[in-house]
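The values are calculated or read from the model by the stated rules, or taken from the named source; none is laboratory data. None of the values given here were measured: they were computed from a predicted structure. So basically every Cβ, Gly included, is an ideal-geometry build from the backbone, and we count neighbours across all protein chains shown.
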Amino acid sequence: MRQGDKIALISLVAGFTVWSVGFVALYGLQALGCAYGWPTHRAVLILAYGILVAVLAVPAFWPLRSDGEASATLSVAALWANRAALGAGVLVFLPVTFTSTCV
Amino acid sequence: MLAGAAVLTALVLALLTMAYLRPHRLAGVTAGQWIVGGGLILPIPILMLLTGTALVLGEQLLPRGEVAYRAEARAEQWAWRFSYPDVPGLPVSETLHIPAGEPVDIAVTSADVIHAFWVPRLGGKIDAIPGHRNVIRLQADEPGIYRGICAEFCGPGHETMQFRVEAHDLETFKSMMAGAAP
Amino acid sequence: MTEPAVVSPVRLHKELDAIWRTPPGWGRLSSVNHTVLGKRFMVLALTFFAIGGLLSMLIRAQLATPESGFLEPALYNQIFTMHGVVMMFLFAIPMFEGFAIYMLPKMLGARDMAFPRLTAYGFWCYLFGGMILIAALLFGAAPNGGWFMYTPLSSRPYSPGINADVWLLGITFVEISAVTAAIEILVSILKLRAPGMSLTRMPIIAWYMLVTSGMMVLGFPPLILGSILLELERAFNLPFFDPTRGGDPLLWQHLFWLFGHPEVYIIFLPAAGALSTIIPVFAQRPILGYRAIIAAIVALGFLSFGLWVHHMFMVGIPHMALAFFSAASALVAIPTAVQIFAWIGTLASGRPRWDIPMLYVIGFFVVFVIGGMTGVMLAMVPFNTQAHDSYFVVAHLHYVLVGGFVFPMLAALYHWLPHITGRQSVYRLSVPAFWLIFIGFNMTFFLMHLTGLMGMPRRISSYPSNWGWDWLNLLSSVGGFVLTIGFAMVLADILMQLRFGERFGRDPWKAQTLEWATATPPPSYAFASIPHIESRADQIDPAALGSRLAGGEGYLGFARANRQETLAVDMVTGAVEHVVVLPRRTLLPLWTALATGAFFLCLLFRLYALAPLALLGTLGLFLLWPGSLGETADQGPLPIGRGQSAPLDAEASNNVTVLASRTALVTNATLYSSLLFGGLFLLVVAPNWSSAPETAVSWAMLLAGVGAAAVGGVAALVGDRNNSGGRAPGPALWMTVAAQIAAMVLLGATAFLLADPTQHARIAIVFAVLAYCALHAGIGAVLSGATLFRLARGHVSQNRGTAPRIVALWNGFAAATAVAGAALIAVLDTAGAVA
């Protein structure tokens, strides 16, 4: 498999893989903060949220240059998937800013 | 929510019918318009509004801070036992007494398997899980008798695991609790 | 080797069929053919559908009237549990597997799936596992704790009988077929396509199946791990879920729903793929928004893993965590909406025509959209607190599953049955059958929304008559029987078609996908020659292409060396890579599945002394599998027709075996991660950790074991590198064997020298992690030994390096698990209990 094709295939799932990792991280931080009573719990969560959104923005706004028919089509689908992942990241984790952390 | 769902369902089905019966009216709609319009622009604002409202509402329902009245509900196969931490002398009973018009925190626990505490007319439910203690805040607006059931399958006596909630006006409730106290 | 001569189509058929066909009589048991096995999977799944339907009729008969004495509560519990178990595990998933196994190679232009014997093994596991469950039902010992098997109700103190073990062992046995099928489908889609069919020229259904199989690879391991842990708790008293000894019932719920929610989309996506194939045929235009749909199903695949806690909104999880899952549950509606509008748009911009499949497609739209709406409602936490575990949820899940799977599958049945039978529909019964199903379904389940909102909880075997639920339940039951009559008519319709349907030439629907280019019913080898694809593969002319392929104009249009050959391509571009030589029919999968079944039966009947024997028998039989494959000398590139040539798979570095091994390790890693997650979860969340006893782990022995495993892993990597570099791999492989045996002994000894693991979950988790690592070290030694054997037999050379590659992958993985396991043990051993 050529390098460009491999990257196109990976970029198709890149955004949502980051989203999944972020999901686990935020859910884990939420649980740990409650278990150990962190005083800066919400600040930590909002910071993690910010980092996650920033990382998700990279593949969403920085499309790959592609060569070849297959990877060109893949790249378009990948761009949309990565933008969907960014949207999902912004919306799903927005509650860290206002919902109650441990009740 | 119900009406909105009905309208959206009707819209989807109307478009589908039109695709068959009046195809020329939809022929001008491009692929991008179908997908962006129907798949993104239509649902996203609705879902954001709905989820946002639900989360704000959910925040208000949380048992945060202290309330004046508390009760304990302990589930076992296949009965509920209610007691009152502020009135330790009261015998454990299978009927829950609460004051009407006041929020009450009910701490729900289980002695064996998982059950769920549910009084349909008073609001939501909460699971009774061995090893965990979950609190639900309920309020009966009117005095009366409310029926409660176990909502989580808990074995062959599941459907028999019902209980009564009696909501009294505040004065009666206070005197009941006081009369029972040692 | 020169290219075999071109022969007449009839002679080509005879030569190929002699190689590929399944013999009649007892020889049928040896079949490994995807057409045969796909049909067997589907027929068996439909049989289980009938059984599950019968159970639902008993449920509706019981609930038709208040205070019903038709069924005892204890029996009713078995029946509703088995209804769910049969429909989810024995009907929906295997039906998809059968459909994919039958259809995928034909849609992608391959002659079979990548691992025909694994298909057969999966089928036998499915059959035997299903038989265990049904036999238990007949003997009155079926699972009775709900299909979700919540602990502690399913733990030994509250379910002392065999019932829960039947669930845990029977389902795990059946899940073997789900995991093997998932790996096989994934690898087959990525590698076994017609040359020229790049990923983005695949028919869209292949994308659906690709995402589905990826989800299965990641979604099933948590369930399998949960089942193993619960069976360990029931059998050996290891308290993973017991809250009095540091376990937590919520761990089971997390593991179960981490599987259980993606499961719903695993069921829906293939059906949506069928819709995306059928709708364009009847709209008479290609599907709208091919790339948008790819993005949508990728999004759906991932998002569906972020919803599982919405089954647990009532267990007392903080509101912020609920908010994540609530928002994700709402958001998952968007990629679904993208597909719905792509389908409507396809119809609107095409020239839609009517036929029976479209009736069911319209039925799907109505039912599924309503199910989606109630799904969004249930995603809202305040509404969920009211509707959770009520009949509203029963209504919702049937709208989603029947709407999202059964209606599309009925459309698919009417669409593709002519392909299987070679005959067209008779039509007389089809239309009334549809209306009975549609009306019966809505009558049964729409009313349940109301029953639920009126406060009727799920899973009760009787209810008093003064609560106002009587007439709704009665009408639901009447609807249920109407629905059943509809299904009976579909069955009659199928039999009519088999008997009286008219035969036809190629492609009766004027579809434009490749499966219609085979003869119908399809021959054993599917394609006499393999096409070259030059456009998107949902826009071809199968009738014209089919006769050219039958004449041998494509690739591999000849029978060579009595071998079953097909082509493998580059994953993305579809350029020819190598010739895959598929194993021929054999009884080995049946024997292996019987040995596996013996193992599960030993566990079920608590014959723990015999279980290791059965396990060794299974392992020994698996070691026989590679025997008939491979070459003892390098062949070089072989002619493949159309003036081209390609090497054999044994001489290709990234062949299907290596890709499948990587995928299997991903599955395995998911299972192991779930175990590590379980340990951390209990540490943070479970009650009774403040008084947790010491683990008494011997760190010297543990670290020596991890060191040995690391040496074994590195040696295996060196062996692989040496082999591909032209140096002898033997010494490094011997080193791997020795190091991994040492690792197995050291890690196993560490496990047995722990404090009593039945005392507390802290010790039980450490024990489980050590046992896992020791097992993986042991298997690493066996694989390395087997490769030394193949090396001695001349099956391994510099070019034929598959075996050392797999040894390197496995042992590298085993070393990594040992390191990660030691890290988790360190955390559990040192971190104090949470205040």
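Listed by first and then second residue, the pairs linking a residue in the stretch C:330-350 that is touching a residue at least 12 places away in the same chain (Cβ under 8 Å) to a residue that is in a loop (DSSP other than H, G, I, E, B), with Cβ atoms under 6 Å apart and 6 or more places separating them unless they lie on different chains, are C:342/C:288; C:342/C:289; C:345/C:288; C:346/C:287; C:346/C:288; C:350/C:284; C:350/C:285.
Report the residue count in the stretch C:337-357 for those that are over 22 Å from residue C:298 (Cα atoms) and either facing chain B (nearest Cβ under 9 Å) or outside any helix (DSSP H, G or I) (or both).
Narrowing the stretch C:337-357 to residues over 22 Å from residue C:298 (Cα atoms): C:347-357.
Those left that are additionally either facing chain B (nearest Cβ under 9 Å) or outside any helix (DSSP H, G or I) (or both): C:347-355.
Result for the stretch C:337-357: 9.
Entry remark, the stretch A:28-40: residues being hydrophobic (A, V, I, L, M, F, W, C) and more than 9 Å from chain C (Cβ to nearest Cβ) number 2 in total.
Can you tell me which residues in the stretch C:368-403 are of a type in the set (Asp, Glu) and in a helix (DSSP H, G or I)? Write out each step before concluding.
Step one: of the stretch C:368-403, the residues of a type in the set (Asp, Glu) are C:389.
If the condition is that a residue be of a type in the set (Asp, Glu) and in a helix (DSSP H, G or I), then no residue fits.
Checking each residue in the stretch A:62-93 for being over 20 Å from residue A:4 (Cβ atoms) and without any contact (Cβ under 8 Å) to a residue 40 or more places away in the chain picks out A:87, A:90, A:91. What pairs come up if the first residue lies in the stretch C:490-502 and is under 16 Å from residue C:434 (Cα atoms), the second is in a helix (DSSP H, G or I) and at pLDDT below 90, and their beta carbons are under 8 Å apart, counting only those six or more places apart or on different chains? Taking only residues 6 or more apart or on different chains, not a single pair turns up.
How many of the residues making up the stretch B:56-70 are of a type outside the set (Lys, Arg) and more than 10 Å from every other protein chain (Cβ to nearest Cβ)?
Just the residues of the stretch B:56-70 that are of a type outside the set (Lys, Arg), to begin with: B:56-63, B:65-69.
So of that shortlist, the ones also more than 10 Å from every other protein chain (Cβ to nearest Cβ) come out as B:66-69.
Residues in the stretch B:56-70 being of a type outside the set (Lys, Arg) and more than 10 Å from every other protein chain (Cβ to nearest Cβ): 4 in total.
The residue that is nearest to residue B:116 (Cα to Cα), among those in the stretch C:150-168 that are surrounded by fewer than 24 Cβ atoms within 10 Å (Cβ to Cβ) and at the interface with chain B (Cβ under 9 Å from one of its Cβ atoms), is C:150. Looking only at residues of the stretch B:154-169 that are within 9 Å of chain C (Cβ to nearest Cβ) and assigned to a loop (DSSP other than H, G, I, E, B), we find that the one that is surrounded by the fewest Cβ atoms within 10 Å (Cβ to Cβ) is B:157. Considering (1) within 14 Å of the chain's Cα centre (by Cα); (2) more than 15 Å from residue B:72 (Cα to Cα); (3) more than 10 Å from chain C (Cβ to nearest Cβ), the lone condition that residue B:143 does not fulfil carries the number (1). For the stretch B:124-140, the count of residues that are facing chain C (nearest Cβ under 10 Å) and among the polar types (S, T, N, Q) is at least one.
Does residue C:80 meet the test of being of a type in the set (Phe, Trp, Tyr), more than 14 Å from chain B (Cβ to nearest Cβ) and buried (at least 16 other Cβ atoms within 10 Å of the Cβ)? Talk me through it step by step, then tell me what you get.
Values: of a type in the set (Phe, Trp, Tyr): yes; more than 14 Å from chain B (Cβ to nearest Cβ): no; buried (at least 16 other Cβ atoms within 10 Å of the Cβ): yes.
Taking the combined requirement at face value, the residue does not satisfy it.
Taking residues in the stretch C:169-186 that are under 13 Å from residue C:121 (Cα atoms), and partners anywhere that are among the charged types (D, E, K, R), the pairs with Cβ atoms closer than 8 Å and at least 6 places apart or on different chains are C:177/C:97; C:178/C:97; C:181/C:97. Inside the stretch A:5-17, residues that are surrounded by 20 or more Cβ atoms within 10 Å (Cβ to Cβ) and more than 8 Å from chain C (Cβ to nearest Cβ) make up a count of 3.
Hey, among C:675, C:603, which residue is assigned by TED's automatic domain parsing to the domain that holds residue C:792 and either in contact (Cβ under 8 Å) with a residue 40 or more places away in the chain or more than 29 Å from residue C:194 (Cα to Cα) (or both)? Steps first, please.
Details: C:603 fails: assigned by TED's automatic domain parsing to the domain that holds residue C:792.
Answer to the check: C:675.
Within the stretch C:448-471, the set of residues being surrounded by 20 or more Cβ atoms within 10 Å (Cβ to Cβ) and in a helix (DSSP H, G or I) comprises C:448, C:449, C:451, C:452.
Please give the helices (runs of 4 or more DSSP H) falling wholly within the stretch B:1-108 in which 1 or more residues are among the charged types (D, E, K, R) and more than 30 Å from residue B:161 (Cβ to Cβ). Before you say what the answer is, go through the steps one by one.
On the way: elements: B:2-21, B:23-26, B:43-61.
The helices (runs of 4 or more DSSP H) meeting that bar are B:23-26, B:43-61.
Could you tell me whether the stretch B:97-110 includes any residue that is more than 9 Å from chain C (Cβ to nearest Cβ), within 25 Å of residue C:389 (Cα to Cα) and acidic (Asp, Glu)? Checked against the condition, which is being more than 9 Å from chain C (Cβ to nearest Cβ), within 25 Å of residue C:389 (Cα to Cα) and acidic (Asp, Glu), the stretch B:97-110 yields at least one hit.
With the structure loaded, tell me whether residue C:361 is assigned to a helix (DSSP H, G or I), at pLDDT 95 or above and in contact with a helix residue (DSSP H, G or I) (Cβ under 8 Å, 6 or more places away or on another chain) or whether it fails that test. Judged against the criteria, residue C:361 is a match. Every condition in (1) part of a loop (DSSP other than H, G, I, E, B); (2) touching a Lys or Arg at 6+ places or on another chain (Cβ under 7 Å) holds for residue B:132 except the one numbered (2).
Checking the conditions here, which among C:781, C:808 is assigned to a helix (DSSP H, G or I), farther than 25 Å from residue C:238 by Cβ and out of contact with any Leu (no Cβ under 7 Å at 6 or more places or on another chain)? Break it down into steps so the answer makes sense when it comes.
Values: C:808 fails: out of contact with any Leu (no Cβ under 7 Å at 6 or more places or on another chain).
Answer to the check: C:781.
It is to be established whether one or more residues within the stretch C:418-429 are basic (Lys, Arg) and closer than 30 Å to residue B:50 by Cβ. Taking every residue of the stretch C:418-429 in turn, none turns out to be basic (Lys, Arg) and closer than 30 Å to residue B:50 by Cβ. The condition of being touching a residue at least 12 places away in the same chain (Cβ under 8 Å) and either away from chain C (no Cβ under 11 Å) or outside any helix (DSSP H, G or I) (or both) holds for only one of A:54, A:43, A:25, that being A:25. Looking only at the stretch B:14-39, which residues are at the interface with chain C (Cβ under 7 Å from one of its Cβ atoms), over 13 Å from residue C:350 (Cα atoms) and among the aliphatic types (A, V, I, L, M)? B:15, B:35, listed by residue number. When each of C:27, C:52, C:69 is tested for being surrounded by fewer than 16 Cβ atoms within 10 Å (Cβ to Cβ), assigned by TED's automatic domain parsing to the domain that holds residue C:488, under 30 Å from residue C:521 (Cα atoms) and not β-branched (Val, Ile, Thr), the lone residue that passes is C:27.
State the number of residues belonging to the stretch C:137-158 that are in contact with a Leu (Cβ under 9 Å, 6 or more places away or on another chain) and without any contact (Cβ under 8 Å) to a residue 60 or more places away in the chain.
Taking the stretch C:137-158 as the starting set, the residues that turn out to be in contact with a Leu (Cβ under 9 Å, 6 or more places away or on another chain) are C:137, C:140, C:142-146, C:149, C:151, C:154-155.
Filter once more, so that each one left must be without any contact (Cβ under 8 Å) to a residue 60 or more places away in the chain: C:137.
Qualifying residue count, the stretch C:137-158: 1.
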